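Written below as structure tokens is the structure these notes are about.
The values are calculated or read from the model by the stated rules, or taken from the named source; none is laboratory data. Keep in mind that what you see is a predicted model, and the values were worked out from it rather than measured. Cβ placement follows ideal geometry from the backbone for every residue including glycine, while neighbour counts extend to all protein chains displayed.
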Amino acid sequence: MKKLLLIFCVGCFPGYAAYAQSHQQTLSLSLGASFPMGSFASHEAGLDLKNFAQTGLSGNISWQYLFSDGWGVTATVTGIRNPIDRRSLDKAYTGNLPEGYTAIFGNTDPGALPPPPSEPTHAFMPHATFSDAHWLTGGLLAGIVRQWPLDAPGNYTFALKLMAGISAVQSPNYQAKGGADSVFYTLSQHSRLALAPAVLGGAAFGYRLSGRWTIRLGLDYFTTGKVRFHRAKTSLLKLAYETGPSGIAQGPAPVASSTYIRTVTARVSMVQLHAGLEIPL
């Protein structure tokens, strides 16, 4: 009986080994850089602060299952952080604010903020300085993958993938200050979170090390559909230094303020360059 069981196990092992080789299930972790594209990276000033993103960091955790013919399925959880381009923002919003602001807030210098005028006028915000802020993007995507061996042992591989899923995008908490002499302005657009569909397409080269590990170098294009930030709030506050009885400035005090609430529509697009390690499961 023991002899028959041993023969059965020895006979089944090559078949299991062949199955394991042709049906590969792997898990990988990768880190890299994300480069904003299109309107997401533009430096066009406007009423809706939905751009001015610059190069950031990305991380991915991916699962993959390959069939014997090289086709397979894959799923990815991704996280991306893109800081805002403060220097470009400071330059864009120093001086005359875009017409969209003046149409909502009116002429802010001098005097209090009037109701929205019928005809836009120019508002003035000298020496605007934005604080640090960043875009946060997360995604859960799944799709298909096709992998080809580049040499006989299969140590070198090339793969293409196409995925779709859902993304969560958090807009930056924009804060800017500007002013001259004794009058100062504070401009802010508050952070909002929104969901949108997302698509990812990419390519990767793999090199299998002597052990179980595989090094992967990848290039992906990630883009969302229209991201709608509902009830986005933009506030403009005017401050002026008050002079006490002795003629000494007592500190800034609010003179006028105005808030505008609406829906902001944006699109997040970027190229990701990443490297990571993959291990079979």
Query raised in the report: Checking Pro149 against (1) more than 30 Å from Ile261 (Cα to Cα); (2) at pLDDT 95 or above; (3) not aromatic (Phe, Trp, Tyr), which single condition isn't satisfied?
Result: (2)
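Conditions tested, residue by residue: (1) modelled with pLDDT under 90; (2) touching a helix residue (DSSP H, G or I) at 6+ places or on another chain (Cβ under 7 Å); (3) closer than 30 Å to Thr263 by Cα.
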| residue | (1), (2), (3) |
| --- | --- |
| Lys2 | yes, no, no |
| Cys9 | yes, no, no |
| Asp48 | yes, no, yes |
| Gln64 | no, no, no |
| Gly72 | no, no, no |
| Thr94 | yes, no, yes |
| Pro98 | yes, no, yes |
| Gly111 | yes, no, yes |
| Pro115 | yes, no, yes |
Query raised in the report: Counting only residues that are in contact with a Gly (Cβ under 7 Å, 6 or more places away or on another chain) and among the hydrophobic types (A, V, I, L, M, F, W, C), which one in segment 126-143 is nearest to Pro172 (Cα to Cα)?
Result: Ala128
Query raised in the report: Of Ala168, Ala196, Ala164, Ala204, which residue is at pLDDT 95 or above and in contact with a Ser or Thr (Cβ under 6 Å, 6 or more places away or on another chain)?
Result: Ala196
Query raised in the report: Counting just the residues of segment 58-97 that are part of a loop (DSSP other than H, G, I, E, B) and either among the small types (Gly, Ala, Ser) or surrounded by fewer than 20 Cβ atoms within 10 Å (Cβ to Cβ) (or both), which one comes out nearest to the chain's Cα centre (by Cα)?
Result: Asp85
